[in-house]
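K.L.:
Quick one: this structure, given as structure tokens, is what I'll be asking you about.
The values are calculated or read from the model by the stated rules, or taken from the named source; none is laboratory data. Since the model is a prediction, treat every value here as computed from it, not as a measurement. Note that each Cβ is placed from the backbone with ideal geometry, even for glycine, and that neighbours are counted across all protein chains shown. Keep in mind that these areas ignore ligands, DNA and RNA; they rest on the heavy atoms of the full protein, side chains included. Shrake-Rupley method; radii C 1.70, N 1.55, O 1.52, S 1.80 Å.
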Amino acid sequence: MLFRSVKNKLESIRNFITHSIRFHDNKEKLIENLLIANKLIGHCSNESKNILFVITNKECSIKAILEEFELQAELSLPGEQMSYSIHSDDLPEERILKPEVVQNLLDLYTELLNNIVKHSAATRVDITVRCENDQMSLLVKDNGMGFYYKTQREKKGSYGLKMLEELNQEIGGSLSIDSQSGLGTAVKITVKL
């Protein structure tokens with residue numbers, strides 16, 4: 001399961017590039033297709049990094065995933081333009097998470113951070129992790145420009161929101177996206193432990 005997503009994306013990239021070669025006479029279409037392939041390669045790179053984390057932390061505790069969330073926020077969010085905070089109260093830090101939950105949570109989290117950096121124009125990101133009744137929730141909220149979910153989800157060449165939904169479904173979680181143009185975005189992911 002851990003490698004299936006990367007394998008599928010790499011196959012898609014190969015097919016997409018093969019298909020794009022047909023557009024060698026149409027420079028605009030070729031450039032558009034190469035930019036899409038570049039996005040997919042970026043996703044593969046992030047997923048590969050997360051897979052390595054899961055492999056090296058086979059018995060990943062909540063404490064370890066919180067440390068990884070902190071590291072990814074530190075590396076992903078441009079410090080001078082964007083501040084962040086991570087909140088976690090009374091978590092069972094030593095509780096071990098299933099590898100597939102860790103993998104998908106990291107992939108979801110990475111995608112959320114990437115979307116914030118690329119699209120939000122936010123200056124502040126608040127990340128909250130909670131555990132209640134055998135469930136863990138991850139809330140990532142920014143003060144950016146927000147968006148209209150349905151419009152963005154249907155936009156051609158937009159894969160991020162669809163990817164969030166697919167990754168969330170793989171672990172049987174719930175996904176809530178609250179965003180309005182000009183009011184920022186809040187994404188909450190809840191998974192069973």
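K.L.:
Taking into account only those residues within the stretch 156-193 that are of a type in the set (K, R) and touching a helix residue (DSSP H, G or I) at 6+ places or on another chain (Cβ under 9 Å), which is surrounded by the most Cβ atoms within 10 Å (Cβ to Cβ)? Let's see the steps before the verdict.
P.N.:
Step one: list which residues in the stretch 156-193 are of a type in the set (K, R), which gives 156, 162, 188, 192.
Add one more test, that the residue is touching a helix residue (DSSP H, G or I) at 6+ places or on another chain (Cβ under 9 Å), and what stays is 162, 192.
Numbers: K162: 11, K192: 13.
If we take residues in the stretch 156-193 being of a type in the set (K, R) and touching a helix residue (DSSP H, G or I) at 6+ places or on another chain (Cβ under 9 Å), then K192 is surrounded by the most Cβ atoms within 10 Å (Cβ to Cβ).
K.L.:
Report those helices (runs of 4 or more DSSP H) wholly inside the stretch 99-190 carrying at least 3 residues which are under 16 Å from N50 (Cβ atoms).
P.N.:
99-115, 160-170
K.L.:
Can you tell me how many residues in the stretch 39-55 are open to solvent by 80 Å² or more (accessible area, probe 1.4 Å) and of a type in the set (G, A, S)?
P.N.:
Step one: list which residues in the stretch 39-55 are open to solvent by 80 Å² or more (accessible area, probe 1.4 Å), which gives 39, 41, 49, 52.
The next check asks that each one be of a type in the set (G, A, S); those that pass are none.
The number of residues fulfilling the criteria is 0.
K.L.:
Still on this structure: How many of the residues making up the stretch 22-38 are modelled with pLDDT of 75 or more, open to solvent by 80 Å² or more (accessible area, probe 1.4 Å) and assigned to a helix (DSSP H, G or I)?
P.N.:
Counting residues in the stretch 22-38 that are modelled with pLDDT of 75 or more, open to solvent by 80 Å² or more (accessible area, probe 1.4 Å) and assigned to a helix (DSSP H, G or I) gives 6.
K.L.:
Here's a follow-up. Residues E59, E94, E74, E68: which one is under 22 Å from S174 (Cα atoms) and either not polar (S, T, N, Q) or not in a strand (DSSP E or B) (or both)? Spell out how you get there, then give the answer.
P.N.:
Values: E59 fails: under 22 Å from S174 (Cα atoms); E94 fails: under 22 Å from S174 (Cα atoms); E74 fails: under 22 Å from S174 (Cα atoms).
Checking each option against the conditions leaves just E68.
K.L.:
Quick one: in the stretch 11-21, which of the residues that are surrounded by 14 or more Cβ atoms within 10 Å (Cβ to Cβ) and of a type outside the set (S, T, Y) is modelled with the lowest pLDDT?
P.N.:
In this case the residue turns out to be F16.
Quick grid of which residues meet (1) surrounded by fewer than 20 Cβ atoms within 10 Å (Cβ to Cβ); (2) more than 20 Å from S137 (Cα to Cα); (3) under 18 Å from the mean Cα position of the chain (by Cα); (4) at pLDDT below 90:
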residue	(1), (2), (3), (4)
N57	yes, yes, no, yes
E67	yes, no, yes, no
E80	yes, yes, no, yes
L91	yes, no, no, no
E100	yes, no, yes, yes
Q103	no, no, yes, yes
L113	no, no, yes, no
K118	yes, yes, yes, yes
V125	no, no, yes, no
